[in-house]
Amino acid sequence: MKFILRKLGFYVVALWGAMTLNFFLPRLMPGNPVDQLISKLSQHGPVTPETRHALELLLGADSSEPMWKQYINYFVSIFKGDLGVSVAYYPTKVSEVIGNTLPWTVGLVGLATIIAFALGIVLGAFAGWKRGSVIDNIIPVLTLFQSIPYFWLGLILLYFLSLKAGIFPLFGGYDVYTTTPGLTWEFISSVIYYGILPAVTIVLSSLGGWMLGMRNMMVSTLSEDYILVAEAKGLSPMKIMRSYAARNAVLPSISGFAISLGFVVSGSLVTETVFSYPGIGSALLTAVQSNDYALMQGIFLIITISVLGANLIMDLLYGFIDPRTRVQG
Amino acid sequence: MGAKAKRKRAADSMIPKMTPKLAVGLTIVTVIVLFAVIGPFLLPDPRGISDHLLEAPSAQHWLGTTRTGEDVLAQLATACRGSLIVGVIVGLLAVVLSSFFGIVGAYIGGLADDLFSLFSNVMLVIPGLPLVIIISSYLPYKSVWLVAVVLAITSWAGSARVLRSYTLSVRSRDYVLASRVAGEKPWRILAVEILPNLLPILASQIMQAIISAILGEAGLAFLGLGATDSLTWGTMLYYAQNGLALKQGAWWWFIPPGLCLALFGAALALINFSVDEIINPKLKAATKSELKRWKLEEKAGKAKSDKQFGTAASAPKLGGTEIMTEHAMNAAVPQYEQNPVLEVDDFCVEYRAEETVKAVNHVSLKLGRGEVLGLAGESGCGKSTLAYGINRLLKPPAVITSGRVVFNSREGYPIDVRALEGKDLRAFRWEKISMVFQGAMNSLNPVKKIKDQLGDVFVTHRPEMDRKARLDKCGELLERVGVPRDRLNAYPHELSGGMRQRVMIAMAMALDPQVMIMDEPTTALDVVVQREILREITRLKNDFGFAVIFITHDLPLLLEISDRIAVMRHGQILEMNDAMSLYTNPQNEYTAKLLSSFPSLTGDRGDFIRQGNVVSESTEVSR
């Protein structure tokens with residue numbers, strides 16, 4: 001219980017840190033983003049004082065309110081779910097833009113990460129178990145994939161598999177001409193078909209890291225005494241590998257999930273822009289291109305919250321499978 | 001070895017060995033760096049436009065041209081330079097930041113460490129690239145330095161965490177503690193004692209930081225957020241993407257920059273493999289080809305000894321029915337000669353490392369049923385190697401080069417242990433010979449409950465037992481060694497050192513083995529617990545009648561519990577005799593020296609602890 005509370009406490013602090021960063025960034029930067037935004041917004045029509053006030057809250061400006069009051073109001077409006085109005089998608093609200101794009105990203109990146117993680121752990125376990133085997137020897141090749149930028153790998157796959165071979169679509173999240181979003185088989189199969197290439201990109205790029213980490217831990221674990229004991233006990237090699245070696249070697253991979261997840265998410269965001277995938281990464285690019293600060297900040301917050309959430313789940317899972325952490329807290 | 005030589009050796013271990021991986025990595029890095037340094041001078045202006053628009057590679061333009069007619073090769077050279085500069089700046093900045101928060105925090109400890117590590121952990125879980133994107137989109141004009149600083153600020157945290165945990169482990173090493181006690185200045189300890197040990201890990205962190213910086217910059221530039229007017233691999237890709245290079249099939253435009261990036265990253269990763277092996281020497285353990293060679297050597301050794309002792313047929317495998325000739329009971333012949341449970345003949349083990357070391361050198365011994373044979377000797381004398389060799393647990397580079405191990409099971413058939421393979425060998429282990437390992441060793445898997453670790457002996461060897469019977473049996477075993485049954489659900493870390501060792505003894509008794517090999521079972525325990533465990537072992541041995549090979553460097557302890565004692569040195573048994581005779585009348589000079597090296601309670605070297613009359617009392621304990 002104490003363990004869970006500590007973990008929750010840490011993530012509350014992390015979230016507060018990210019939100020505070022989000023609050024101060026626009027205020028510390030040169031120039032006045034609010035004025036820039038207002039002038040852009042006014043091209044779409046008259047700007048009401050409420051909109052202006054909301055933007056000032058979000059991005060800070062020469063408002064009459066003192067900083068601490070702005071800080072409090074900022075938190076209040078975020079907890080109300082009010083992230084302002086998007087310029088790029090005017091007059092859609094930022095929260096709505098995020099609501100439309102986030103499921104795509106969570107589905108794509110989430111699924112691809114789970115596949116890459118699971119595959120990496122299994123392959124890494126085998127590679128570490130049999131040093132110098134075929135699986136072990138493909139690790140350097142996979143680390144090559146790891147040093148390839150996600151978006152470039154996406155470009156290459158697009159070039160060969162979509163443009164040259166015509167197997168996969170060139171862009172988009174589903175076939176916009178023949179299907180309409182909904183719970184129909186047609187739509188779902190189209191989503192899967194369109195998602196394969198972006199997902200393969202993410203899996204290929206991140207697999208090597210998971211695999212190498214697991215393999216190295218496996219090798220270290222194999223020299224532990226309890227492995228020798230298990231061998232002396234006459235357990236079968238498969239049993240030793242599964243319930244002694246891999247069982248223990250997987251722990252650091254899970255506790256190191258945080259480090260890698262941020263990296264994977266960052267890579268995936270840029271990947272989305274290559275595939276024009278209708279996820280949050282493409283929205284971020286649009287926001288960047290049209291200086292839509294409100295949307296950018298909202299997306300940053302939402303990504304951070306998602307990553308924090310995923311890490312929290314992994315941390316709690318870790319406490320579950322490593323009994324030692326529960327005691328030490 | 002002189003202090004100088006020692007230091008040289010330590011320095012050598014810090015330098016990676018030249019392996020194919022390392023050579024390839026270094027070559028690629030060198031080529032790319034040279035290209036970045038020299039290329040821009042030899043090639044035309046990267047921004048010079050011409051009327052050769054979007055042309056495929058030709059003799060004039062080796063890598064073709066862009067949509068505005070710039071030479072791709074010339075751009076590539078300048079972009080290499082740009083990317084490498086960003087990478088190196090960010091790599092260094094990030095390592096400085098992470099060293100500050102990781103090393104300094106861990107070294108000072110206390111509140112500073114708590115705050116530093118909280119700060120790095122928070123920075124770690126905030127995804128870097130989105131943050132960088134936001135920061136850079138607020139900045140209308142960005143110099144390379146500015147981009148580098150932003151990238152460094154968002155990427156140091158992971159490496160700070162690695163450095164922190166590594167520093168913590170170095171900090172608690174003896175020589176660091178010693179200099180603290182000696183009153184050296186903190187900065188001096190940090191610079192002289194701690195930093196040198198962190199060098200490999202720092203090197204690896206710098207390389208990782210460079211890779212991730214180049215990748216991060218590429219991502220940023222690809223979104224059009226790179227440094228103003230800079231030319232890097234990322235900006236090349238940005239222009240290629242915006243120039244619709246992909247749709248027009250201009251592969252020469254977008255493949256080279258990404259390929260350079262990938263090659264450079266992969267090369268650094270290859271170098272890192274070698275550095276990792278310095279940080280964690282375990283990683284360079286035997287590979288498959290070495291394992292194969294080891295297996296061949298084992299086979300050769302086996303073939304040789306088959307010739308020596310006759311083929312395996314004379315001593316059939318497990319399950320064989322041939323019964324060894326019964327020895328007529330004869331009071332004059334000692335029990336271990338009449339009815340040995342284990343016979344080891346001419347046993348040799350070599351360590352085939354850079355130089356071959358004979359760890360066990362022509363050892364022969366017989367173990368009687370229910371007998372306690374003590375195996376004494378200094379560390380490195382080969383006593384553990386002998387014990388592991390008997391149970392066929394040796395790993396490369398240790399090779400059994402000759403000898404025979406015959407186990408005479410009480411069911412009445414002999415087993416040629418060296419002929420056992422695979423399933424037969426696994427069935428033999430623990431069933432016939434079980435082991436208790438050093439108390440200090442992590443013999444128990446820290447993340448499995450006691451009942452599962454006891455239970456999997458039965459799952460493997462008694463597959464017919466059901467869950468409940470298994471649990472009952474495990475509980476009974478624990479009670480047998482004086483551990484409450486409810487500890488079945490405990491994890492190893494919830495037990496004391498003595499309890500853990502009791503659990504190991506319970507586990508060793510699970511299948512009612514005929515021989516138990518105990519490798520320093522009480523070494524790491526305090527004296528009181530040590531006593532208890534020894535008493536327990538003696539009691540159990542008397543109740544269940546298994547024979548014990550008890551390995552230790554503690555000769556007085558052996559004198560108390562053993563029937564016979566073998567003294568080992570340099571892989572050979574120098575002397576083997578019953579405990580009393582060995583104590584009162586050592587035949588070998590080394591034995592005498594060993595005996596005299598233990599101080600007595602009265603302070604005279606030579607007559608340790610007890611006088612002769614007490615020995616007879618202590619031998620009673622073992623009876």
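The values are calculated or read from the model by the stated rules, or taken from the named source; none is laboratory data. Please read all numbers here as calculations on a predicted model, not as lab measurements. All Cβ positions, even for glycine, are placed from backbone atoms using ideal geometry, and neighbour counts span all protein chains on display.
Laid out as a table, the results:
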read-out	value
Residue within region B:454-466 that is in contact with a Cys (Cβ under 6 Å, 6 or more places away or on another chain) and within 13 Å of chain A (Cβ to nearest Cβ) present	yes
Residue, modelled with the lowest pLDDT, within region B:34-66, restricted to residues that are buried (at least 17 other Cβ atoms within 10 Å of the Cβ) and part of a loop (DSSP other than H, G, I, E, B)	B:L54
Test: residue in region A:221-228 that is more than 30 Å from B:A510 (Cβ to Cβ) and either within 10 Å of another protein chain (Cβ to nearest Cβ) or in contact with a Pro (Cβ under 9 Å, 6 or more places away or on another chain) (or both)	no
Breaking point among (1) part of a helix (DSSP H, G or I); (2) touching a residue at least 24 places away in the same chain (Cβ under 8 Å); (3) not aromatic (F, W, Y), for A:L284	(2)
Members of region B:359-398 that are of a type in the set (D, E) and under 19 Å from B:R569 (Cα atoms)	B:E378
Residue in region B:225-234 that is polar (S, T, N, Q), at negative phi, surrounded by 24 or more Cβ atoms within 10 Å (Cβ to Cβ) and assigned to a helix (DSSP H, G or I) present	no
Residue in region A:91-111 that is over 23 Å from the mean Cα position of the chain (by Cα) and of a type outside the set (S, T, N, Q) present	yes
Helices (runs of 4 or more DSSP H) completely within region A:10-127 that count 3 or more residues being modelled with pLDDT of 75 or more	A:67-79
Any hit, region A:263-270, residues being modelled with pLDDT of 85 or more and more than 7 Å from chain B (Cβ to nearest Cβ)	no
From the options A:L157, A:L170, A:L123, A:L161, residue that is closer than 30 Å to A:L222 by Cβ and either surrounded by 15 or more Cβ atoms within 10 Å (Cβ to Cβ) or not β-branched (V, I, T) (or both)	A:L123
Complete set of residues in region A:126-145 that are within 24 Å of the chain's Cα centre (by Cα) and within 7 Å of chain B (Cβ to nearest Cβ)	A:T143, A:L144
Extreme residue, farthest from the chain's Cα centre (by Cα), among residues of region B:414-437 that are more than 8 Å from chain A (Cβ to nearest Cβ) and closer than 25 Å to B:L534 by Cα	B:K432
Residues (out of contact with any Asp or Glu (no Cβ under 6 Å at 6 or more places or on another chain) and within 14 Å of chain A (Cβ to nearest Cβ)) located in region B:356-392	B:T385, B:Y388, B:G389, B:I390, B:N391, B:R392
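Residues checked against (1) aliphatic (A, V, I, L, M); (2) within 30 Å of A:V87 (Cβ to Cβ); (3) more than 8 Å from every other protein chain (Cβ to nearest Cβ):
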site	(1), (2), (3)
A:G195	no, yes, yes
A:V203	yes, no, yes
A:A230	yes, no, no
A:S255	no, no, yes
A:T273	no, yes, no
A:G279	no, yes, yes
